[in-house]
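What follows is a short report on a single structure.
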Amino acid sequence: PFTIAVKDVCKRFPDGTLALEGVNAEVRAAEFVSLVGPSGCGKSTLLRILAGLEPISSGQVTVGGFAPGTPQARAEMAFVFQEPTLLPWRTVLHNVALPLELRGVGSQERLARAQEVLGLVGLSARAGAFPRALSGGMKMRVSIARALITQPKILLMDEPFGALDELTRQRLGDELLSIKQATGATVVFVTHNMFEAVYLSQRILVMTPHPGRVAEVLEVPVAYP
Ligand code: ADP
Ligand code: ADP
């Protein structure tokens, strides 16, 4: 029933840092959940564990019923980083198409899909542009489009709007909510901004540091239909 289940997870880095201790969390299908807490409380570490980018020291994690990092789990999710990691020598369209290229999808189909997801983020007109010609907000939209092209069931986002100005954050937040609505994706969103979390999420996992734990789970009352 749960898309993501985290049970009694501890994470100790090789240098001895205990980043997470006794973390329990569940994320339901199609839910928008934020991880909130001060710098160093383990938000990124937990997200990277879900993505299969970081092993756990003890405990249990399943994503869509699979262990993170397995091909089945990877097929279900996409990761969006704070810094848009676009290839500067590729156009917007070819950046967005990249994940399908890596999966061996033919050129015609992947470019058509790339056009489609660029439409979702309002950037159809910039398909032929190179990343250097885009604003920070536009680069983030391209990153989101690139994440969406594989139709992931789970979108993991690590402070995606952290580097953007307040107005752009607001706009992108609204766009993300419509994208979530349109695609039915589950979103796990890391932020240290409680206002952003309350605005975007259905539930908020409040984390505390030393060592990182989920101290509280807040249900956000539905304010708007
Ligand atoms: P947050 O995302 O909430 O800022 P992080 O997950 O980045 O927190 O970090 C949690 C804790 O783990 C911090 O104390 C951080 O210094 C430590 N940490 C993160 N990555 C590593 C690493 N690769 N090696 C050692 N310690 C790490
Ligand atoms: P965040 O934006 O999550 O706070 P940080 O700036 O804390 O990110 O960390 C950026 C990168 O550095 C991450 O990949 C993290 O794993 C790594 N890192 C953080 N703290 C340490 C540490 N004490 N030792 C080694 N790597 C670390």
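The values are calculated or read from the model by the stated rules, or taken from the named source; none is laboratory data. Treat the numbers as computed from the prediction; the structure is a model and nothing was measured. Every residue, glycine as well, gets a Cβ built from its backbone with ideal geometry; the counts of neighbours run over all protein chains shown. Heavy atoms of the whole protein, side chains included, go into the accessibility calculation; ligands, DNA and RNA do not. Shrake-Rupley method; radii C 1.70, N 1.55, O 1.52, S 1.80 Å.
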> Restricting the first residue to segment 36-53 and requiring it to be near ligand 1 (Cβ under 9 Å from one of its atoms), which pairs with a second residue that is assigned to a helix (DSSP H, G or I) meet a Cβ separation below 9 Å and a spacing of at least six or different chains?
Replying inline: GLY37/LYS43
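When residues of segment 169-225 are filtered for being assigned to a loop (DSSP other than H, G, I, E, B), within 16 Å of ligand 2 (Cβ to nearest atom) and open to solvent by less than 30 Å² (accessible area, probe 1.4 Å), how many remain? Spell out how you get there, then give the answer.
Taking segment 169-225 as the starting set, the residues that turn out to be assigned to a loop (DSSP other than H, G, I, E, B) are 184-185, 192-193, 201-202, 209-211, 220-225.
If we keep only those that are within 16 Å of ligand 2 (Cβ to nearest atom) too, we end up with 192-193, 209-211.
Then drop every residue that is not open to solvent by less than 30 Å² (accessible area, probe 1.4 Å), which leaves 211.
The qualifying residues number 1.
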> In the list ALA97, ALA114, ALA78, ALA67, which residue meets the criterion of being away from ligand 2 (no atom under 12 Å from the Cβ), surrounded by fewer than 22 Cβ atoms within 10 Å (Cβ to Cβ) and aliphatic (A, V, I, L, M)?
Replying inline: ALA67
> Exactly one of (1) assigned to a helix (DSSP H, G or I); (2) closer than 24 Å to SER178 by Cβ is unmet by LEU86. Its number?
Replying inline: (1)
> Looking at segment 125-161, which of its residues are at pLDDT 95 or above, part of a loop (DSSP other than H, G, I, E, B) and not aliphatic (A, V, I, L, M)?
Replying inline: GLY128, PHE130
>> Quick check on segment 6-21. Is at least one of its residues more than 16 Å from ligand 1 (Cβ to nearest atom) and either farther than 24 Å from SER201 by Cα or open to solvent by 20 Å² or more (accessible area, probe 1.4 Å) (or both)?
In response: yes
> Do you know which residues across segment 196-220 are of a type in the set (D, E, K, R) and more than 18 Å from GLY40 (Cβ to Cβ)?
Replying inline: GLU196, ARG203, GLU219
> Of the numbered conditions (1) of a type in the set (Val, Ile, Thr); (2) more than 16 Å from ligand 2 (Cβ to nearest atom); (3) more than 16 Å from the chain's Cα centre (by Cα), THR17 satisfies every one except a single condition; which is it?
Replying inline: (2)
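Take LEU98 and decide whether it is more than 26 Å from PRO131 (Cα to Cα), of a type in the set (A, V, I, L, M) and within 19 Å of the chain's Cα centre (by Cα).
Working: more than 26 Å from PRO131 (Cα to Cα): no; of a type in the set (A, V, I, L, M): yes; within 19 Å of the chain's Cα centre (by Cα): yes.
Answer is no for this residue.
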>> Just the residues that are more than 10 Å from ligand 2 (Cβ to nearest atom), outside any loop (DSSP other than H, G, I, E, B) and surrounded by 22 or more Cβ atoms within 10 Å (Cβ to Cβ), please, taken from segment 33-60.
In response: VAL33, SER34, LEU35, VAL36, LEU46, ILE49, LEU50
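Scan segment 161-199 residue by residue and report those that are among the hydroxyl-bearing types (Ser, Thr, Tyr) and under 25 Å from THR3 (Cα atoms).
Initially, segment 161-199 is screened for residues among the hydroxyl-bearing types (Ser, Thr, Tyr), giving 168, 178, 183, 186, 191, 199.
Matches in segment 161-199: SER178, THR183, THR186, THR191, TYR199.
Quick one: how many residues across segment 22-32 are open to solvent by less than 50 Å² (accessible area, probe 1.4 Å) and either assigned to a loop (DSSP other than H, G, I, E, B) or near ligand 1 (Cβ under 8 Å from one of its atoms) (or both)?
Number satisfying all stated conditions: 2.
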> Looking at segment 145-162, is at least one residue in contact (Cβ under 8 Å) with a residue 40 or more places away in the chain, open to solvent by less than 30 Å² (accessible area, probe 1.4 Å), over 14 Å from the mean Cα position of the chain (by Cα) and within 16 Å of ligand 1 (Cβ to nearest atom)?
Replying inline: no
